[in-house]
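Each remark here refers to the structure printed beneath this line.
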Amino acid sequence: MKMQQRIALVTGANKGIGFEVARDLARKRFHVFLGARDTKAGEAAAEKLRKEGEEDYGEITFLKIDVSEPDSIRRAAEEFSRKSDRLDTLVNNAGILLDDDKDVLTAAPEIFETTLRTNTLGALLVAQAFVPFLKKSGAPRIVNVSSGGGQLADGADGWAPAYCISKTALNGVTAQLAAALPKFAVNSVCPGWVRTEMGGPNATRSVGEGATGIVWLAMDAPQNETGKFWRDRKVIPW
Ligand SMILES: NC(=O)c1ccc[n+]([C@@H]2O[C@H](COP(=O)([O-])OP(=O)(O)OC[C@H]3O[C@@H](n4cnc5c(N)ncnc54)[C@H](OP(=O)(O)O)[C@@H]3O)[C@@H](O)[C@H]2O)c1
């Protein structure tokens with residue numbers, strides 16, 4: 001019997017880690033919905049993968065989605081429904097780290113609002129909008145790309161407080177979704193420090209290395225592993 005083609009949505013996939021995750025999943029013959037907020041950048045990224053993969057990659061479809069805008073998320077789900085009634089894996093990868101995110105005592109409220117709206121609420125609202133499609137999958141997965149910066153186990157070191165709080169809260173979203181969706185695998189993952197626009201040139205990992213643990217959770221990790229925080233295929237403390 002021919003195996004059904006698996007379907008994934010990756011948000012913020014026009015560059016950085018998200019692009020690499022989209023590429024890896026396409027290589028594994030997933031039909032990848034490459035999510036991006038900017039049409040030009042998203043179309044260009046999708047076209048790049050189509051050219052590179054030719055016959056060897058799964059289908060790649062650009063999906064316009066700004067995770068900080070509930071209307072954009074709703075429109076993206078409508079657009080998705082015209083192309084597929086099922087989703088196997090949602091990778092909530094889109095994220096921001098603002099330049100002014102420096103000091104918890106003086107950072108303006110807008111820094112916290114904007115960061116949490118994208119990194120935390122965005123992931124939750126995208127999950128809400130796409131759960132109906134995920135419920136049609138035999139092995140539904142949600143992967144929330146978090147960060148070691150959000151870990152509370154060792155306290156905080158003062159770096160990027162809004163970003164770190166947004167990732168701590170994203171881990172809370174992961175735990176809540178895992179409880180609400182017992183048949184799903186819902187996990188948080190830290191990609192490590194990765195050389196992207198966000199990570200900067202001095203980061204210790206390539207995008208390929210950063211994507212590996214995310215892709216593993218997106219397709220290969222045991223389906224009964226849920227409600228956990230991972231790095232390099234190992235559970236790490238919240
Ligand atoms: N790099 C690291 O060292 C590192 C470490 C730990 C965790 N992470 C996490 O890994 C994920 C990817 O980061 P990265 O390093 O690849 O960063 P990046 O190169 O800056 O890429 C971020 C991606 O998110 C997109 N994005 C931002 N806001 C969005 C919105 N409102 N709606 C839709 N897309 C949006 C960006 O789109 P535009 O191009 O339109 O801006 C871009 O595609 C993030 O969640 C980040 O927090 C990264």
> For K40, all conditions in the list (1) surrounded by fewer than 21 Cβ atoms within 10 Å (Cβ to Cβ); (2) more than 11 Å from the ligand (Cβ to nearest atom); (3) part of a helix (DSSP H, G or I); (4) of a type in the set (K, R) hold save one; what is the number of the exception?
Replying inline: (2)
>> Being touching a helix residue (DSSP H, G or I) at 6+ places or on another chain (Cβ under 8 Å) and either under 26 Å from P191 (Cα atoms) or part of a helix (DSSP H, G or I) (or both) is true for just one of E79, E52. Which residue is that?
In response: E52
>> Being hydroxyl-bearing (S, T, Y) and either out of contact with any strand residue (DSSP E or B) (no Cβ under 9 Å at 6 or more places or on another chain) or closer than 21 Å to V126 by Cα (or both) is the filter here; which residues of segment 37-65 pass it?
In response: T39, T61
> Quick one: how many residues across segment 190-209 are outside any loop (DSSP other than H, G, I, E, B) and either modelled with pLDDT under 95 or more than 9 Å from the ligand (Cβ to nearest atom) (or both)?
Replying inline: 2
> Assuming D103 fulfils every condition listed in (1) assigned to a loop (DSSP other than H, G, I, E, B); (2) closer than 26 Å to D24 by Cα; (3) acidic (D, E) apart from one, which condition is it?
Replying inline: (2)
> So, in segment 97-146, of the ones that are more than 16 Å from the ligand (Cβ to nearest atom) and among the hydroxyl-bearing types (S, T, Y), which residue ends up surrounded by the most Cβ atoms within 10 Å (Cβ to Cβ)?
Replying inline: S137
>> Just to verify a result, which residue in segment 67-82, among those that are more than 14 Å from H31 (Cβ to Cβ) and touching a strand residue (DSSP E or B) at 6+ places or on another chain (Cβ under 9 Å), is surrounded by the most Cβ atoms within 10 Å (Cβ to Cβ)?
In response: V67
>> Suppose we keep only residues that are within 16 Å of the ligand (Cβ to nearest atom) and more than 17 Å from the chain's Cα centre (by Cα) within segment 47-69. Which one would you say is nearest to I142 (Cα to Cα)?
In response: L49
> Looking at segment 21-37, which of the residues that are buried (at least 24 other Cβ atoms within 10 Å of the Cβ) and either of a type in the set (S, T, Y) or within 8 Å of the ligand (Cβ to nearest atom) (or both) is farthest from F130 (Cα to Cα)?
Replying inline: A36
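The values are calculated or read from the model by the stated rules, or taken from the named source; none is laboratory data. What you see is a predicted model; the values in this text were computed from it and never measured. Glycine also receives a Cβ, built like all others from the backbone with ideal geometry; neighbour counts cover every protein chain displayed.
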